[in-house]
Ligand SMILES: *Cc1c(COP(=O)(O)O)cnc(C)c1O
């Protein structure tokens, strides 16, 4: 019998989580309530204290409202890596500001302080580092530079729940750190996200609570007032109950991801096709994804063909991501010239995402690597 199809990612839920979801549904309170408060507290403890965590309906909304809290708007610029998911740049446009792209490192796929410094103008109001695939950006120099110029960071930590930078959990320090709990991420609430921010910023916390829910401010007598035409980003208790179950497994999930990534390195480190392996990082890497660069131009076939050859072996291969500046929306606004972001553009042409999720075993990695050998053929 043929092996079952191996997708590039798949969430894992235990029985206790499934039962907890049913209990929550039966409880009569299904939208934001006690389970949301419980998950916020659990995430605050997980990050190690000293932080407020606010759950959101998705990271995209969390990132957008984080920019609004910083009063980023028309005329302002936000520095964003050219290699990330579109949400990182879209939210900048949605608050009326301009994303200023910077190139990334070819192996870490993260932005660098040199590029950020070169892109800074007197309109720069924020920088959005993306911890690509769960590998933390080198934050200490970036924060000390940003402090020196009075610029805040909105960290896109969509890939980085459970990641650690120099021993500290991503989200346990820093300005506004946004996580995603989308179904593909390292832990999930199906759809969902969160912002971690410092406790000594009560004005940011209060504003985010209003931005998350209709601009509503509760009065002490139980009545309420509306202060701005805000959107709606609250998470449901049903989703939060999924997240509570996921969080208990997060470190174990990430450990499994790390050992699968190690196996990919073992099998792919010396290869005859000149494959570009990702940066290895250290034990703080959350291994949200294992991405590989394949030099399709010299191989004589394209990524679509590679993906269909892999599919014929029962293996799903993802693509994260096309470089952003060449995409229609940004190309015009940012007057993109081909070759302007050489690393991001090359990654965008060459990248493939190999299967990596906690329910996989080492034998699945071996199966993927064997299939890559057959799909690429002799060099
Ligand atoms: C998934 C993702 C987002 C958006 O997360 P949602 O929770 O789906 O809104 C933002 N940035 C990056 C880098 C992502 O991968």
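Here, each number is a calculation from the coordinates, and none is a lab measurement. All values reported here derive from a predicted model rather than from experimental measurement. Because the Cβ atoms are built from the backbone with ideal geometry, glycine has one as well, and the counts that use them run over all protein chains shown.
Remarks
- Between residue 305 and residue 349, the simple label model (points 7 Å from Cα in the Cβ direction) yields a spacing of 1.5 nm.
- Calculated FRET value between residue 107 and residue 205, using beta carbons and R₀ = 45 Å, to 0.05: 0.75
- Placing a label point 7 Å from the Cα of residue 363 along the Cα-to-Cβ line, the residues of segment 1-38 whose backbone N sits under 17 Å from it are 1-7.
- Between residue 26 and residue 114, the distance separating the two model label sites (each 7 Å from Cα on the Cα→Cβ line) works out to 6.1 nm.
- Estimated FRET transfer efficiency when R0 is 25 angstrom, pair residue 252-residue 190 (beta carbons, to 0.05): 0.80
- On the basis of the beta-carbon distance and an R0 of 56 Å, residue 3 and residue 140 show a calculated FRET efficiency of 0.80.
- Residue 262 paired with residue 370, simple spin-label distance in nm, labels 7 Å along Cα-to-beta-carbon: 2.3
- Of 60, 107, 98, the one that fluctuates the most in a GNM where the chain has Cα springs shorter than 10 Å: 107
- Residues in segment 182-221 that a label on residue 14 would reach, taking backbone N under 18 Å of a point 7 Å out along Cα→Cβ: 186-190
- Length-normalised contact order of the chain in % [C-alpha pairs under 8 Å, at least 6 apart]: 23
- Between 0 and 90 degrees, the angle of helix 362-376 with respect to the longest Cα principal axis of the chain falls at about 60 degrees.
- At q = 0.12, 0.19, 0.22, 0.25 Å⁻¹, base-10 log of I(q)/I(0) for segment 158-230 (Debye sum, equal scatterers on each alpha carbon): -0.45, -0.88, -1.00, -1.09
- Rg [Å, one decimal], Dmax [Å, integer] - segment 249-376, C-alpha atoms: 15.9, 47
- Computed over the Cα atoms of segment 109-260, the ratio of the radius of gyration to the Kirkwood radius (Rg/Rh) comes to 1.01.
- Between helix 303-312 and the chain: long-axis angle, C-alpha atoms, 0 to 90°, nearest 10: 80
- Cβ-to-Cβ counts within 10 Å put 70, 55 in ascending order as 70, 55, the fewest first.
- Computed from the Cα positions only, the extents of the chain along the three principal axes stand at 75, 53, 36 Å, in decreasing order.
- Helix 139-149 vs. the chain, principal-axis angle (Cα, 0 to 90°, nearest 10): 50
- Label-zone membership for segment 78-119, site residue 329, 7 angstrom Cα→C-beta point, backbone N under 13 Å: 84-99
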